[in-house]
Amino acid sequence: EMSDVKKAVLAANAAYASDFGARGELGLPPARRFAVLTCMDARLDPAKYAGLREGDAHVIRNAGGRASDDAIRSLVISYKLLGTREWFVIHHTDCGMQLFDDATMSDLLASSLRTASYTTEGWKDEGGMGSEEGRYLRWLTFTDLEKSVVDDVARIRKHPLVPADIPIYGYYYDVRTGRLVEVSEATRAGQAKLQAEAG
Ligand code: ZN
């Protein structure tokens, strides 16, 4: 028996595909040659907030839009094999990654694998069967939004597999207004160097 969510997703997809048209002929490399690294938050729709159509750009998403090793893996593939030439790192206000830290998360997971609730006294877990495995992960939380953008742009900029001539722009998205706000310190940290100076 199909869940309501699954039914709705498949119905939406049938409607989408019925009008697919020329999008079936799109090439694999992103036509507008850029990539966006952003948070998985459900309120963010990069296609809408950045004006993307199918085939335009790479969008890499994870919790926080953090420059994790895996996000960098995708960015490296994005330029090396698929030709992107400019990158955006876009975090956002009211991010869930500001609501916990590594100790809290691993304690909650050690307590149970159920969904915890966020109360006025912080995170609460009903308990049951948990796992200690959470203690081995870095959850990449942050406390200062602008600093998290600066840190991630700087990490990508300094990565040995990232060429110096790709500019990296740092922004956050304001969930109250829908606007992108530039973090100028991040964009400065992400400035491209001419290929001649790179090295
Ligand atoms: Zn977020």
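The values are calculated or read from the model by the stated rules, or taken from the named source; none is laboratory data. Predicted, not measured: the structure shown is a model, and the values here were computed from it. Note that we place each Cβ from the backbone using ideal geometry, even for glycine, and neighbour counts take in every protein chain shown. In case anyone asks, the SASA skips ligands and DNA or RNA and just uses the protein heavy atoms, side chains included. Shrake-Rupley method; radii C 1.70, N 1.55, O 1.52, S 1.80 Å.
In this label model, residue 82 and residue 33 are separated by 1.6 nm, measuring between points 7 Å along each Cα→Cβ vector. Put the Cα centre of the range 140-199 next to the Cα centre of the range 1-57 and the gap is 25 Å. In the context of the full set of protein chains, the range 32-151 has a per residue accessible area of 56 Å² (1.4 Å probe). Relative to its Kirkwood radius, the Cα radius of gyration of the range 92-199 gives an Rg/Rh of 1.13. In the chain, one over the average inverse separation of all distinct C-alpha pairs is 19.0 Å, which is the Kirkwood hydrodynamic radius.
Rolling a 1.4 angstrom probe over the range 58-179 with all protein chains present gives an accessible area of which 52% lies on carbon and sulfur atoms.
Per-residue ellipticity at 222 nm computed for the chain from its helices equals -9000 deg cm²/dmol, with DSSP H segments shorter than 4 residues left out and the rest contributing -39,500 (n - 2.57).
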